[in-house]
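Q: Okay, here's the structure, questions in a sec.
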Amino acid sequence: MKLDSILTTKNDTTFSLSMRAQTACARAKALEETSDYEDAREALSEFWQRIGQRPRIEGLDEIGRAEVLLRAGTLSGWLGSARQIPGAQEIAKDLISESAGAFEKLGLVERVAEARIDLAICYWREGAFDEARVTLEDAVRQLGHLESEQRLRALLNIAIMEKVSQRYEDALKTHREAAPLFEASSNNALKGKFYNEYANVLKTVGLAQKRDDYIDQALVEYSAASFYFEQTGNSRFLARVENNLGLLFIHLGRVSDAQVHLDRARALFTSLKDKGSAAGVDDTRARGLIAQGQFSEAEKMARAAVRVLEEGDELSLLAEALTTYGTTLARLGNSSKARATFEKAIRVAHQAGDSGSGGVAALSMVEELATHLPLSDLHTYYRMADSELATSQRADIQLRLGKCARRLLATDWSSGSSQTAPVASGTNGHSPVADDPIDPEPLPTTSASLEEQVLHYEGNLIRQALETADGSVTRAARMLGVTHQGLAFILNGRHKSLLAARKPVKRRRRSIIRFH
């Protein structure tokens, strides 16, 4: 055979194999969008079969290799989440990153952005929210002014990052601005995900602020999400809506309605062999049982959820489940095991880089074990919670922080003693050491007028709150149960000597959501 004939045969073989790869990837992607991950894996089986296996990309052209790497990576992430396979997200990130590099060399901007968004989702599953946010911003920059489905995906995931970072007002604003874009989209699977997340944010803000209008709108958005998931046959995400509705009805005290939705969610997840999501439903059930005062049943359910989530590498979900489990143990009077569980939740959250979940775990420990921990330890964990939840836009979290702070300040004043925090088995084997509580200064002599004594007492409390809050007037005001403006007025009027203890005002960073 002549050389030119050999080269032609080789090129035909490469072309044929690459076309088969692209067809398989297109089929796998369509199945992935409806959450049929096992069928998607089967569609890709000629080139990739299981997590941890290197995709077979020899003989493919450049675009064929990039496509196979991307689909194998995204499926590794989704299947790893469903089955709680340890290390799956790292494997997924490696494959997706490799595909992003290949698409970049080919100059395929939209495909680079798609890979970056899928990479961000892997970071999000691990709880690495900062990395996820940076990766999404990179995807947006890649798109420039290009209007595409990938821009909608980026918007949706940016809103999710705002939500999981407890910036709910920002997440709400992002959803409202993006709503017209999603309404105009023809991608029903993507629309379903948008409406589900929009409803989640409305639910959280509505419950925290007691806004019935938000709750009503959340129910409408959940209905829309269910409609689109049913249209696309996406049973996995339909189950997520059912779980979210169950959690909403638990908070509303409608226990029987919650039970119906949670039963549906768990049945769907079980049929899909998605034990990670089924464990999430168990965590939701445990929270409902806590609300009903059924602590023994809640403990069993929470323990089961933790056991499953410990198998995988979705650390944020594990931290949340551990916090629920710690709460059940505390309510049952097992304070030592509850403390160990809360501390593990903090360690896991910090390992993930999820400061919000770590802060909630620390706050829950202060609330649940207030009568079982030394005052110095309560200060330590309160300061940790206050620091890590400082930017939280959840009104209920801020109220909980304020209530705990006032209790601690009152205890400090009545005890009049300074304690040094002992070494705790807190974060990564190191003691989360806090500064010693501030001793209240003695009151003026009895010859002082009542007005002078009240003024001195007020100044003492404000000084102590400012130092505990590291100079933040907002956080100090929350501790004292007054508004930011109220405390600023008092400082400028009656206690100018304390102005030096204030932290300089920081200018808020502009949102990245407005792209045009």
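The values are calculated or read from the model by the stated rules, or taken from the named source; none is laboratory data. What you see is a predicted model, and the numbers here were worked out from it, not measured in a lab. As a convention, Cβ positions derive from the backbone with ideal geometry for all residues, glycine included, and neighbour counts pool all protein chains shown.
Q: Where residues in the stretch 41-83 are without any contact (Cβ under 8 Å) to a residue 60 or more places away in the chain and among the hydroxyl-bearing types (Ser, Thr, Tyr), which of them is surrounded by the most Cβ atoms within 10 Å (Cβ to Cβ)?
A: Looking at residues that are without any contact (Cβ under 8 Å) to a residue 60 or more places away in the chain and among the hydroxyl-bearing types (Ser, Thr, Tyr), I get 76.
Q: Oh, and also: Can you find a residue that is out of contact with any helix residue (DSSP H, G or I) (no Cβ under 6 Å at 6 or more places or on another chain), closer than 19 Å to residue 113 by Cβ and outside any helix (DSSP H, G or I) anywhere in the stretch 151-169?
A: No: the stretch 151-169 contains no residue that is out of contact with any helix residue (DSSP H, G or I) (no Cβ under 6 Å at 6 or more places or on another chain), closer than 19 Å to residue 113 by Cβ and outside any helix (DSSP H, G or I).
Q: Need pairs with beta-carbon distance below 8 Å; first residue touching a residue at least 12 places away in the same chain (Cβ under 8 Å) and within the stretch 90-108, second surrounded by 16 or more Cβ atoms within 10 Å (Cβ to Cβ) and basic (Lys, Arg); sequence gap 6+ or separate chains.
A: Short answer, once both residue conditions are applied: 100/116; 102/65; 103/111.
Q: Just need a number here: residues in the stretch 172-228 that are surrounded by fewer than 23 Cβ atoms within 10 Å (Cβ to Cβ) and of a type in the set (Val, Ile, Thr).
A: 3
Q: Follow-up. If residue 392 satisfies every condition in (1) part of a helix (DSSP H, G or I); (2) among the small types (Gly, Ala, Ser); (3) under 22 Å from residue 131 (Cβ atoms) but one, which is the exception?
A: Checking residue 392 against (1) part of a helix (DSSP H, G or I); (2) among the small types (Gly, Ala, Ser); (3) under 22 Å from residue 131 (Cβ atoms), the one that fails is (1).
Q: Further, regarding this structure: Considering only the stretch 283-295, I want to know if a residue exists there that is touching a residue at least 12 places away in the same chain (Cβ under 8 Å), in a helix (DSSP H, G or I) and in contact with a Phe, Trp or Tyr (Cβ under 6 Å, 6 or more places away or on another chain).
A: No: zero hits.
Q: Within the stretch 254-270, is even one residue of a type in the set (Phe, Trp, Tyr), in contact (Cβ under 8 Å) with a residue 40 or more places away in the chain, surrounded by 19 or more Cβ atoms within 10 Å (Cβ to Cβ) and more than 18 Å from residue 293 (Cα to Cα)?
A: No.
Q: Then there is this: Does at least one position in the stretch 161-169 carry a residue that is over 30 Å from residue 390 (Cα atoms) and not assigned by TED's automatic domain parsing to the domain that holds residue 398?
A: No: zero hits.
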